[in-house]
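Written out below as structure tokens is the structure these notes cover.
The values are calculated or read from the model by the stated rules, or taken from the named source; none is laboratory data. Note that the structure is a prediction, hence the values are computed from the model and not measured. Heads up, the Cβs are rebuilt from the backbone with ideal geometry, glycines too, and the neighbour counts pull from every protein chain shown. Please note that ligands, DNA and RNA were not included when accessible areas were found on the heavy atoms of the full protein model with its side chains. Shrake-Rupley method; radii C 1.70, N 1.55, O 1.52, S 1.80 Å.
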Amino acid sequence: MSFVSWFGPHLSGGELERLRHVLDSGYINDGPVSRELEAKVAAFIGTKYARVVTSGTAAISLALWAAGIGDGDEVIIPDLTFVATASAVVMTGADPVLCDIEPRRFGIDPKCVEVLITERTRAIVPVDVNGRGVDYPALEAICSTHGLKMICDSAEGFGSAYGGRNLGSYGTAGCFSLSANKTITSGQ
């Protein structure tokens, strides 16, 4: 019986040498290679800054905290996502509010977002499913009108663009993941 893999990273051959270099440097958590990756990601995405953390979940929760999201707040998220999106919201003490998706892009439906906004809503976390950007102009207008923060879960969007901009460059912050099933991987 043959095994069919759900995903598998494509490694070009230089990875072991780069890994050996990192291990030999003594900076196995954070160091020069992390700074190099941050600079390259910021340049590629077209943002002023990029920071690496341990996971996409950590990136989203840290971005929410940095945006002032916490206890008693509501954050609207799409109902088609990986559990990490909701987990990141819960980690801040806020409550995730599930929103329907639009059928063409599989992203959060701006019309549904409008209906779900309450006095406790402080942010939305759109998810770029399989590199499909959500309707960012509509979501930016909603955020502007209601004073909401937008933290973009672009874990599946690295290298994709929408409206002439790279995914991860929209909103208050864009978050990626380097899990083995993502566009690029670092082994997490």
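Miscellaneous remarks
- A Cβ-based charge dipole, computed about the Cα centre of region 104-188 with Lys and Arg at +1 and Asp and Glu at -1, lands at about 60 debye.
- The GluC sites (Glu not before Pro) of region 82-156 that meet both conditions, a loop assignment by DSSP and at most 14 other Cβ atoms within 10 Å of the site Cβ, are GLU119.
- Accessible-area composition of the chain, carbon plus sulfur, in percent [1.4 Å probe]: 57 percent
- Springs join every pair of Cα atoms under 10 Å in this Gaussian network model of the chain, and among GLY31, GLY131, GLY174 the largest mean-square fluctuation is at GLY31.
- Accessible heavy-atom area order of ARG20, ARG105, ARG165, highest first, probe of 1.4 Å: ARG20, ARG165, ARG105
- Cα centroid separation - region 122-188 against region 1-47, whole Å: 21 Å
- In region 49-129, the chymotrypsin sites (Phe, Trp or Tyr not before Pro) that fall in loop regions by DSSP, at most 13 other Cβ within 10 Å: TYR49
- Loop-resident sites, region 110-149, for trypsin sites (Lys or Arg not before Pro), counting at most 15 other Cβ within 10 Å (DSSP): ARG120
- Electrostatic tally near THR92: other residues with Cβ closer than 9 Å to its Cβ, Lys and Arg +1, Asp and Glu -1, net -2.
- Per residue accessible area in Å² of the chain, where ligands, DNA and RNA are left out and the probe is 1.4 Å: 57 Å²
- The local environment of ILE28, defined by Cβ-Cβ distances under 13 Å, has a net charge of 0 under the rule Lys, Arg +1 and Asp, Glu -1.
- The chain - mean residue ellipticity at 222 nm from DSSP helices (-39,500 (n - 2.57) per run, n ≥ 4, rounded to 500): -10000 deg cm²/dmol
- Share of alpha-carbon pairs per 5 Å distance bin for region 25-160, given as whole %: 2, 11, 19, 22, 20, 13, 7, 4, 2, 1, 0
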